[in-house]
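Asker: Pasting a structure below so you can have a look.
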């Protein structure tokens, strides 16, 4: 329920957020730490969430929020399906990812 441009603007809405490339995809950083990447072709985002928050969002709807299927997923890297996520819920998840990135937490 969130288009790519809206997702980009949401990620950039934080005070110290900046967009930079990361292996051919847009990444959004705070204090030069990635807190989100935008997967344009797949129409999804990857958020770096603390594991407890990853668990909470995943339990809401595993078709919307799910761990990245590799070692990063075990560390909180979470895919978000933009075509399915309610905007307010994405904003909540982005807030958590941004704050964790700003604090330097994994």
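The values are calculated or read from the model by the stated rules, or taken from the named source; none is laboratory data. These numbers come from a predicted model, not from an experiment. Please note: Cβ atoms are built from the backbone with ideal geometry, for glycine as well, and neighbour counts cover all protein chains shown.
Asker: Do we have residue 62 as touching a residue at least 24 places away in the same chain (Cβ under 8 Å), out of contact with any strand residue (DSSP E or B) (no Cβ under 7 Å at 6 or more places or on another chain) and at negative phi here?
Answerer: Details: touching a residue at least 24 places away in the same chain (Cβ under 8 Å): no; out of contact with any strand residue (DSSP E or B) (no Cβ under 7 Å at 6 or more places or on another chain): yes; at negative phi: yes.
Answer is no for this residue.
Asker: Look at residue 67 and say whether it is surrounded by 13 or more Cβ atoms within 10 Å (Cβ to Cβ), at pLDDT 95 or above and touching a strand residue (DSSP E or B) at 6+ places or on another chain (Cβ under 9 Å). Talk me through it step by step, then tell me what you get.
Answerer: Values: surrounded by 13 or more Cβ atoms within 10 Å (Cβ to Cβ): yes; at pLDDT 95 or above: yes; touching a strand residue (DSSP E or B) at 6+ places or on another chain (Cβ under 9 Å): yes.
Against the criterion (surrounded by 13 or more Cβ atoms within 10 Å (Cβ to Cβ), at pLDDT 95 or above and touching a strand residue (DSSP E or B) at 6+ places or on another chain (Cβ under 9 Å)), residue 67 qualifies.
Asker: A follow-up question, please. Which condition number in (1) modelled with pLDDT of 95 or more; (2) over 16 Å from residue 104 (Cα atoms); (3) surrounded by fewer than 16 Cβ atoms within 10 Å (Cβ to Cβ) is the one that residue 51 fails?
Answerer: Here residue 51 meets the rest and fails (2).
Asker: Sticking with this one: Could you please find all residues in the stretch 8-38 being in contact with a strand residue (DSSP E or B) (Cβ under 7 Å, 6 or more places away or on another chain), in contact (Cβ under 8 Å) with a residue 24 or more places away in the chain and either surrounded by 15 or more Cβ atoms within 10 Å (Cβ to Cβ) or assigned to a strand (DSSP E or B) (or both)?
Answerer: Passing the criteria: 8, 11, 14, 17, 29, 34, 35, 36, 38.
Asker: From the list 42, 81, which residue is surrounded by 15 or more Cβ atoms within 10 Å (Cβ to Cβ) and at pLDDT 95 or above? So that I can check it myself, show each step before the final result.
Answerer: Values: 42 fails: surrounded by 15 or more Cβ atoms within 10 Å (Cβ to Cβ).
Result: 81 is the single residue among 42, 81 that is surrounded by 15 or more Cβ atoms within 10 Å (Cβ to Cβ) and at pLDDT 95 or above.
Asker: Taking into account only those residues within the stretch 48-106 that are within 14 Å of residue 33 (Cβ to Cβ) and part of a strand (DSSP E or B), which is nearest to the chain's Cα centre (by Cα)?
Answerer: Result: 48.
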